[in-house]
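Comments concern the structure below.
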Amino acid sequence: MKPVRQYTVLLGLFSLMGALMLGCGTSDKQTTAGNTPTSSAESTTSTKTSDVASTRSYTDYKGHTVNIPTTPQRIAYFGENYGDLLVLGVQAVGTSTSMIEGKVYEKQVQNVSDLGFPIDLEKALALQPDLIITADTDEKQYAALTKIAPTIMFDTFAPLNERLLHLGDIVDKKKAAEDWLAQYKIREAEMWTKLHAKGVKSGETASVFTYYPGDRLFAMGRTGLSQILYEKDGLKPTPPIQKALDEDKGFVQFSQEVIGQYAGDRIFILRTPSSEAQQSTEQLMKSKLWLQLPAVQQGHVYIQDIGKTESDASTREWLLEELPKLIK
């Protein structure tokens, strides 16, 4: 990977991580106002009647109520988890392409313009979207985006089974979302049956660690690989990670000195493109504290690129096949 691309990918990834830590708090529940067309004054022409029927009211998880197209045709999508759109058979007209570089679904993204990171308002305007979906919760930027097109703040860190249904509703692909989730649940159960047969015991704990530049160590909470590991039939979080989950945190920073409290029976290390973070990871894995961990001594440590462990639906499909290969 070229240095410039490394920087762009890392900037996008960790800027989103920082935004989540600052604003994640208690996760609001996302609601919709259903498929009822938006109310308006009595139409006097057939054209006005058609316009009313083509939009509906939607309330996003941050409480903004907006009239959106019933069947949006030109979506600008700003945030991680673009792979959710793909399993619904939807391509956006624009996204931040740095967030899809290196992902397992990168080659499936076609004819999508780059909106930059942070989002370039002029580029977004030029695409003439009829709907903007953004993961950014900055109200100032939201106000600017609403001048371009109807805009929804979307919780891209919500659990997959909730998130995909909400997204399917927004883009008029609710049936496709329901069908995909039904098939995914079957395949996921089969994967865990396979892993239990390979020696993964019921009730075992797991931790997902990654380094941030600046020698900062994080345990993943409600985002990324943790979402698939902590499913009903899967592995369990350790107490400090469970606390982070209870507090709706995407991840939690901790010091090396207390790694024993965070480490589970199985440990997953996520590599980032940052050479500085890679060096911190190598130093950790040579330390006495690390070598004394039961998971390390039993050979239950697994390493994967962070870009291949995200929680979007496309990556989750890929992980159903990859996790059994990783956990030998």
Please work out whether the range 169-218 counts as rounded, prolate or oblate from its C-alpha gyration tensor, where a ≥ b ≥ c are the square roots of the eigenvalues and a/c under 1.5 means rounded, while otherwise a/b larger than b/c means prolate and anything else oblate? oblate
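Starting from the range 143-201, pick out the trypsin sites (Lys or Arg not before Pro) whose DSSP state is loop and whose Cβ has at most 14 other Cβ atoms within 10 Å. Please report the intermediate quantities before stating the final value.
Working: sites: LYS147, ARG163, LYS173, LYS174, LYS175, LYS185, ARG187, LYS194, LYS198, LYS201; in loops: LYS147, LYS173, LYS198, LYS201.
Sparse-neighbourhood loop trypsin sites (Lys or Arg not before Pro): LYS147, LYS198, LYS201.
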Classified through the alpha carbon gyration tensor (a ≥ b ≥ c as square roots of its eigenvalues; rounded if a/c is under 1.5, else prolate when a/b is larger than b/c, else oblate), the range 142-268 comes out oblate
Decide, for the range 104-173, between rounded, prolate and oblate: order the square roots of the alpha carbon gyration tensor eigenvalues as a ≥ b ≥ c, take rounded if a/c falls under 1.5, and otherwise choose prolate if a/b is larger than b/c, else oblate. oblate
Among LEU160, GLN183, ILE170, the residue whose Cα sits farthest towards the positive end of the charge dipole of the range 105-194 (+1 at Cβ of Lys and Arg, -1 at Cβ of Asp and Glu, taken about the Cα centre) is GLN183
Identify all aspartates and glutamates with a Cα-Cα distance to LYS103 below 12 Å; exclude those on the same chain that are fewer than 8 residues away in sequence. GLU80, ASP305, GLU310, ASP312
Quick check for you: with a 1.4 Å probe and neighbouring chains kept, what is the accessible area per residue of the range 135-272, in Å²? 43
Pairs from LYS201/LYS308; LYS140/LYS175; LYS201/LYS325 whose Cα-Cα separation, in the structure shown, is over 28 Å: LYS140/LYS175
Treating the range 57-163 as a set of equal point scatterers at the Cα positions, no solvent, please give the Debye-formula log₁₀ I(q)/I(0) at q = 0.22 Å⁻¹. -1.34
Please list, in chain and number order, the residues 5+ apart from THR238 or on another chain whose amide H is under 5 Å from its amide H, with Hs placed from the backbone. ALA206
proj_area_mean for the range 194-328 (convex hull on C-alpha atoms), units nm², value 7.7
Placed amide H near PHE78: partners under 5 Å, 5+ positions off or other chain: ILE133, THR134, ALA135
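The values are calculated or read from the model by the stated rules, or taken from the named source; none is laboratory data. This is a predicted model, so every value here is computed, not measured. No Cβ is skipped: glycine too gets one built from the backbone with ideal geometry, and neighbour counts run over all protein chains shown. Keep in mind that these areas ignore ligands, DNA and RNA; they rest on the heavy atoms of the full protein, side chains included. Shrake-Rupley method; radii C 1.70, N 1.55, O 1.52, S 1.80 Å.
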